[in-house]
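Shown next, in structure tokens, is the structure this report addresses.
What follows draws every value from the coordinates through simple rules; no lab data is involved. Since we're looking at a predicted model, the values are computed, not measured. As a convention, Cβ positions derive from the backbone with ideal geometry for all residues, glycine included, and neighbour counts pool all protein chains shown.
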Amino acid sequence: SAKGDGKARSQQFHAQMDIDYHYRQRLKSDLRDAVRENALTLAFQPLLDLKTRKVVTCEALARWSHPELGMIPPSTFIPLAEEMGLISDITAWVLQRATLQCTQWPDNVCVAVNISARDFRVSNLNQLVDGALASSGLAPSRLEIEVTETAVIEEREIAQRLLTGFFKRGIAIALDDFGTGYSSLSYLNTLPLTKLKIDRSFVSDIAHNARSLRLLANVARLGRDLDLTVVAEGVETEEQLNTMLEHTDVQQVQGYYFSRPVAESEIGALIGSLNGNVQPIASTRRRG
Ligand code: C2E
Ligand code: MG
Ligand code: MG
Ligand code: MG
């Protein structure tokens, strides 16, 4: 009967909720251990300049490989870390590690670090950023902070104050996942931004859908009119790349077409090969 079905569904639903609850509790406790034991790792994904095709920035992306459950995506563990008050530990670690790694790259390659909403409230972000720059010796102009619309809206006042401070010190500020949040354009115009990262949902369709392409082109134009560097996320195919080159003002691109995020141990070589410096020693000799 319909009633019986409903009851079965409800039991199933509650059983699922139990599993979800226990799974989350386990993840939380294991995440606490992982952070304490320094078991998170970093992946890096390059952003390339569309004209020169050279790597301009590498974005640091946190990774958690659980000993039994395998890779847990950041979309799962970052919100847990926020709930648990662990996010500042993670942010501090990412900042330290990413800035240090960047000192190993060519001088014209920057590093980008993601900051979450909760960081504005609970972390002493100023101190974390200062500490990372001081201990790595990285120039502030080589650091980019990525924030989402949602994060800056949730923490309007603190975000405004902190970002203005970073901006004044020459740190780049990127608005991440642009177009997916609910912020008003007039509010965004009050933020000290240097870069707009257009969300990958604006890119996926452009090679086959004229309206999608016009939308991306106009969002990119908007960013350029506000004097921001415009980045497109999620470029996966050559078709998307060519369409973008021909019809939009997008300046930088990031996506699987160029490279997936790679392990820390591989990023140096990846920058070298993408920038065509596979044999740096030979080219030094030729010059000298
Ligand atoms: P995000 O900052 O927008 O990072 C880009 C995400 O898009 C990454 O996912 C990357 O692997 C993925 N991506 C890049 N190119 C492509 C593509 O061509 N196609 C598709 N389908 N995806 C692509 P990931 O590493 O899973 O990270 C997801 C989100 O988790 C990030 O989105 C960021 O919001 C957050 N996150 C990652 N690491 C950190 C961190 O250290 N701190 C904080 N607060 N958030 C982080
Ligand atoms: Mg990002
Ligand atoms: Mg993004
Ligand atoms: Mg995104």
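For the range 41-79, taking the residues that are among the acidic types (Asp, Glu) and surrounded by fewer than 19 Cβ atoms within 10 Å (Cβ to Cβ), the one that is nearest to residue 195 (Cα to Cα) is identified as 49.
Conditions (1) touching a helix residue (DSSP H, G or I) at 6+ places or on another chain (Cβ under 6 Å); (2) closer than 23 Å to residue 256 by Cβ; (3) not in a strand (DSSP E or B), marked per residue:
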| position | (1), (2), (3) |
| --- | --- |
| 45 | no, yes, no |
| 52 | no, yes, yes |
| 90 | yes, no, yes |
| 97 | no, no, yes |
| 100 | yes, no, yes |
| 112 | no, yes, no |
| 118 | yes, no, yes |
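Among the residues of the range 158-174, is there at least one that is among the aliphatic types (A, V, I, L, M), in contact (Cβ under 8 Å) with a residue 40 or more places away in the chain and touching a Pro at 6+ places or on another chain (Cβ under 6 Å)? I'd like the intermediate steps shown before the answer.
Start the filter on the range 158-174 by keeping residues that are among the aliphatic types (A, V, I, L, M), which leaves 158-159, 162-163, 171-174.
Among the residues that remain, those that are also in contact (Cβ under 8 Å) with a residue 40 or more places away in the chain are: 162, 171-172, 174.
Right, trim to touching a Pro at 6+ places or on another chain (Cβ under 6 Å) and you get 171.
The answer is yes; a qualifying residue exists.
Just to verify a result, which residue in the range 181-195, among those that are of a type outside the set (Ser, Thr, Tyr) and assigned to a loop (DSSP other than H, G, I, E, B), is surrounded by the fewest Cβ atoms within 10 Å (Cβ to Cβ)? Top of the filtered list is 189.
For residues that are assigned to a helix (DSSP H, G or I), within 16 Å of ligand 4 (Cβ to nearest atom) and of a type in the set (D, E, K, R), tally how many sit in the range 124-168. Spell out the reasoning first.
Pass one, the range 124-168, residues assigned to a helix (DSSP H, G or I): 125-136, 140-142, 149-154, 156-168.
Keeping just the survivors that are within 16 Å of ligand 4 (Cβ to nearest atom) gives 149-152.
The next check asks that each one be of a type in the set (D, E, K, R); those that pass are 149.
Matching residues across the range 124-168 total 1.
Of the residues making up the range 54-78, those that are away from ligand 3 (no atom under 15 Å from the Cβ), assigned to a strand (DSSP E or B), over 19 Å from residue 89 (Cβ atoms) and not small (Gly, Ala, Ser) are 55, 56, 71.
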